[in-house]
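Novice: Quick one: the structure is below, questions incoming.
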Amino acid sequence: MVTRITSASTAGVLRACVIHPSAPSGLAPLVVLHGISRNADQLVDLFRPEAECSGRVVIVPHFEAEAWPDFQRPSRVARPDLALLALLTQIEAGDSGMRGPIDLFGHSGGAQLAHRFAMLYPNRIGRLHLAAAGWYCLPDASMPHPYGLAESHRSADTAWVRRHTEMLSIYVGLSVRLYVGALDLGRDNSLRKTASLDRIQGRTRRDRAAHYLTSFRRAAEALGRTPDITLTELPSVPHDVALAITQTGLARLVVAAENVRLTRAS
């Protein structure tokens, strides 16, 4: 069964579909975040069979374009993080079994929001799944915010750097699963491109996922944590979440209580 819910908060209105399996397993709910194509309905269809098989509740928010022209990261002009928190609070209020940490998945722009949400609220996260993010907020000072945790020339970034840094030790202790298509090598118009971003994080989403893996591990070790992060390359997949799910079983990997390595994982 799929139900629809609308949450209204000071951050804005956020709608979502909730997939309820016929035989709930009691596993943590999974939140699935779409990218800039805003294909929430498609993701409901793609994750619904796996939700039913696993018994997991799956929540698919829809950041509608008119209300949320920018949703990929919290900023002065948009707080998708607060809208997502309000949505989760409303769902928990209606079902005590939904309380506690969630697992969080995002693809592309959704992966950008997912890891930034987890950096701000790591205690709300069980496992974090990031697929084909265009770029990352690195958990170190190798780049200025929003690309990393070094101070930027913008005073508005100071508070964000402080908040991310305060939670960093908890964040790098999370279980993180990175995914990227083996053919996700394009530099399309939706991929952010700057000289420093290309030089440090890499020129493609595949390169940037590999760099994030290394940066996360180093940050965890520097803080005395044992990093629990892997990178799985999805064979023959370009930048397309539907192909990743239908051809390589990405939804199955994400919904499963424990990940099964699909191909080479680092």
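The values are calculated or read from the model by the stated rules, or taken from the named source; none is laboratory data. Owing to the predicted nature of the structure, the values given are computational and were not obtained by experimental measurement. Cβ coordinates were reconstructed from backbone atoms using ideal geometry, including for glycine residues, and neighbour counts include every protein chain displayed.
Novice: If you go through the stretch 90-114 one residue at a time, how many are in contact (Cβ under 8 Å) with a residue 24 or more places away in the chain and either part of a helix (DSSP H, G or I) or within 23 Å of P24 (Cβ to Cβ) (or both)?
Specialist: The number of residues fulfilling the criteria is 16.
Novice: Can you find even one residue in the stretch 202-211 that is under 14 Å from C137 (Cα atoms) and in contact with a His (Cβ under 8 Å, 6 or more places away or on another chain)?
Specialist: Yes, that holds for at least one residue.
Novice: Any idea how many residues of the stretch 1-19 are touching a residue at least 24 places away in the same chain (Cβ under 8 Å), closer than 15 Å to D45 by Cβ and more than 20 Å from the chain's Cα centre (by Cα)?
Specialist: Number of matching residues: 1.
Novice: Now, a different point. Give the stretch 57-79 a look and list any residue that's in a loop (DSSP other than H, G, I, E, B) and surrounded by 24 or more Cβ atoms within 10 Å (Cβ to Cβ), or say none.
Specialist: Passing the criteria: F63, F71, Q72.
Novice: Moving on to the next point. Might you check whether a residue that is on the phi > 0 side of the Ramachandran plot and either crowded, with 22+ Cβ neighbours inside 10 Å or modelled with pLDDT under 95 (or both) occurs anywhere in the stretch 19-31?
Specialist: Yes, some residue in the stretch 19-31 is on the phi > 0 side of the Ramachandran plot and either crowded, with 22+ Cβ neighbours inside 10 Å or modelled with pLDDT under 95 (or both).
Novice: Next question. Can you pull out every residue in the stretch 121-152 that is surrounded by 18 or more Cβ atoms within 10 Å (Cβ to Cβ) and of a type in the set (G, A, S)?
Specialist: Listed by number, the residues that qualify are A131, A132, A133, G134, G148.
Novice: Enumerate the helices (runs of 4 or more DSSP H) found wholly within the stretch 175-265, keeping only those where 2 or more residues are of a type in the set (D, E, K, R).
Specialist: Correct list: 195-200, 205-222.
Novice: Also, I was wondering about something else. Considering the stretch 175-200 alone, what residues qualify as being within 26 Å of T226 (Cα to Cα) and among the small types (G, A, S)?
Specialist: S175
Novice: Among all residue pairs at least 6 apart or on different chains, which show Cβ distances below 9 Å where the first residue, located in the stretch 30-48, is part of a helix (DSSP H, G or I) and the second is of a type in the set (S, T, Y) and modelled with pLDDT of 95 or more?
Specialist: That search, which allows pairs on different chains as well, returns L46/T246.
Residue by residue, here is whether (1) more than 16 Å from the chain's Cα centre (by Cα); (2) under 15 Å from A111 (Cβ atoms); (3) of a type in the set (A, V, I, L, M); (4) at pLDDT 95 or above holds:
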residue	(1), (2), (3), (4)
D157	yes, no, no, no
W160	yes, no, no, no
S169	yes, no, no, yes
L174	no, yes, yes, yes
Y179	no, yes, no, yes
D184	yes, yes, no, yes
S190	yes, yes, no, no
D198	yes, no, no, yes
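Novice: Looking at (1) touching a helix residue (DSSP H, G or I) at 6+ places or on another chain (Cβ under 9 Å); (2) modelled with pLDDT of 95 or more, can you tell me which one T89 breaks?
Specialist: (1) is the only condition that T89 fails.
Novice: Quick one: count up the residues across the stretch 153-189 that are surrounded by fewer than 18 Cβ atoms within 10 Å (Cβ to Cβ) and either among the basic types (K, R) or under 19 Å from S215 (Cα atoms) (or both).
Specialist: 11
Novice: Can we say R206 is surrounded by 17 or more Cβ atoms within 10 Å (Cβ to Cβ), at pLDDT 95 or above, closer than 26 Å to G100 by Cβ and among the charged types (D, E, K, R)?
Specialist: No; evaluated as a whole, the condition is false for this residue.
Novice: For the stretch 158-171, indicate whether the set of residues that are in contact (Cβ under 8 Å) with a residue 24 or more places away in the chain, touching a Gly at 6+ places or on another chain (Cβ under 9 Å) and within 25 Å of E233 (Cα to Cα) is non-empty.
Specialist: No, there is no match, as no residue in the stretch 158-171 is in contact (Cβ under 8 Å) with a residue 24 or more places away in the chain, touching a Gly at 6+ places or on another chain (Cβ under 9 Å) and within 25 Å of E233 (Cα to Cα).
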